[in-house]
1. Only one of these conditions is not met by Gly238: (1) open to solvent by 30 Å² or more (accessible area, probe 1.4 Å); (2) more than 15 Å from the chain's Cα centre (by Cα); (3) not aromatic (Phe, Trp, Tyr). Which number is it?
2. So, Pro191, is that one more than 15 Å from the ligand (Cβ to nearest atom), surrounded by fewer than 19 Cβ atoms within 10 Å (Cβ to Cβ) and not hydroxyl-bearing (Ser, Thr, Tyr) or not?
3. If you check Val184, Val215, which single one turns out to be buried (at least 19 other Cβ atoms within 10 Å of the Cβ) and within 13 Å of the ligand (Cβ to nearest atom)?
4. Restricting to the stretch 241-273, name every residue that is within 25 Å of Gly190 (Cβ to Cβ), outside any loop (DSSP other than H, G, I, E, B) and open to solvent by 50 Å² or more (accessible area, probe 1.4 Å).
5. Can you tell me which of (1) more than 23 Å from Leu262 (Cα to Cα); (2) without any contact (Cβ under 8 Å) to a residue 40 or more places away in the chain; (3) open to solvent by 10 Å² or more (accessible area, probe 1.4 Å); (4) not in a helix (DSSP H, G or I) is the one His53 doesn't meet?
6. Please verify whether Tyr89 is within 30 Å of His196 (Cβ to Cβ) and crowded, with 17+ Cβ neighbours inside 10 Å, treating the condition exactly as stated.
7. In the stretch 1-50, what residues are touching a Gly at 6+ places or on another chain (Cβ under 6 Å), assigned to a strand (DSSP E or B) and not small (Gly, Ala, Ser)?
8. Among the residues of the stretch 196-208, are any of a type in the set (Val, Ile, Thr), within 16 Å of the ligand (Cβ to nearest atom), within 18 Å of Asn119 (Cβ to Cβ) and in contact (Cβ under 8 Å) with a residue 60 or more places away in the chain?
Amino acid sequence: MSELLTQLNETVAYIKSRVQVQAKTGIVLGSGLGNLAEVIKAEESIAYTDIPHFPVSTVKGHGGKLIFGELGGVKVVVMSGRFHFYEGYSAQQVVYPVRVMKMLGVENLLLSNAAGAVNPAYKVGDLMILKDHISFFTTNPLLGRNEEALGTRFPDMSEPYSLALIAKAKAIASSKNIHVHEGVYTAVTGPTFETHAEYRLIKTVGSDVVGMSTVQETIAAVHCGLKVFAVSVVTDLGIREDNNVITHEEVLQAAKEAEPKLTTLFTELVKQL
Ligand code: HPA
């Protein structure tokens, strides 16, 4: 057996020795969006530091625990805090928890992130449902030997974000009066925010928002057959060129303010999965 599969099996065996919860839906909470974890009726929560082979999160605003419990009465497993490429993890480490969720029996993966808008019609606090993505030279997590037990060598990426989940989410948003955009997310490595020229370039290639996460997780999820749904919270307007200094604190604050909308959307969506 490959080293990766051996590690995944050990991780999964450890988690199963601690929790009974069988969840069909996994959720990853982005920067400043950890409060959804408060709404979850947790049955068990495991610190990343306790889980064999799990990387450990280092960024402010990231909780660093795997929560098993109920959201809106439905069993879920939630990553409160994710691993970013800019923290120095390999692309394979970034997506490790996604593979763990798959092996725990998860079928749907809900991702959230904070992102900067390059679409001039977007405002701080807006939500954008991802309908597609561009990897802007971020490392593909499937590079190297393919793990056939997880998925195929050359995965199709014509529908990275499930159209069925998008349709459900749009119906929920409209019934709850939550305004949502649908657009393209471009992933960069960070940790620098973009220069004016880079924001302009990212807009020109067809993106609506830019952020430092999500795409590697989506690729690994599609590879192993998970259905993916992802939402960006617009935390800053990258495209503004008037003295527009962007700070991590401002990103966290904007995410926090928009969070209730995201919580409603995710809660209602898991009920329909
Ligand atoms: N750029 C990249 N990542 C981000 C941004 C941004 O403007 N805002 C939040 N995450």
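The values are calculated or read from the model by the stated rules, or taken from the named source; none is laboratory data. Since the model is a prediction, treat every value here as computed from it, not as a measurement. Ideal geometry is used to build each Cβ from the backbone, glycine not excepted, and the neighbour counts take in all protein chains shown. Heavy atoms of the whole protein, side chains included, go into the accessibility calculation; ligands, DNA and RNA do not. Shrake-Rupley method; radii C 1.70, N 1.55, O 1.52, S 1.80 Å.
1. Unmet condition: (1).
2. It is false that Pro191 is more than 15 Å from the ligand (Cβ to nearest atom), surrounded by fewer than 19 Cβ atoms within 10 Å (Cβ to Cβ) and not hydroxyl-bearing (Ser, Thr, Tyr).
3. Val215
4. Residues satisfying the conditions are His248, Glu249, Glu250, Gln253, Lys256, Glu257, Lys261.
5. Of everything listed in (1) more than 23 Å from Leu262 (Cα to Cα); (2) without any contact (Cβ under 8 Å) to a residue 40 or more places away in the chain; (3) open to solvent by 10 Å² or more (accessible area, probe 1.4 Å); (4) not in a helix (DSSP H, G or I), His53 misses just condition (2).
6. yes
7. Lys41, Glu43
8. Checking the stretch 196-208: at least one residue is of a type in the set (Val, Ile, Thr), within 16 Å of the ligand (Cβ to nearest atom), within 18 Å of Asn119 (Cβ to Cβ) and in contact (Cβ under 8 Å) with a residue 60 or more places away in the chain.
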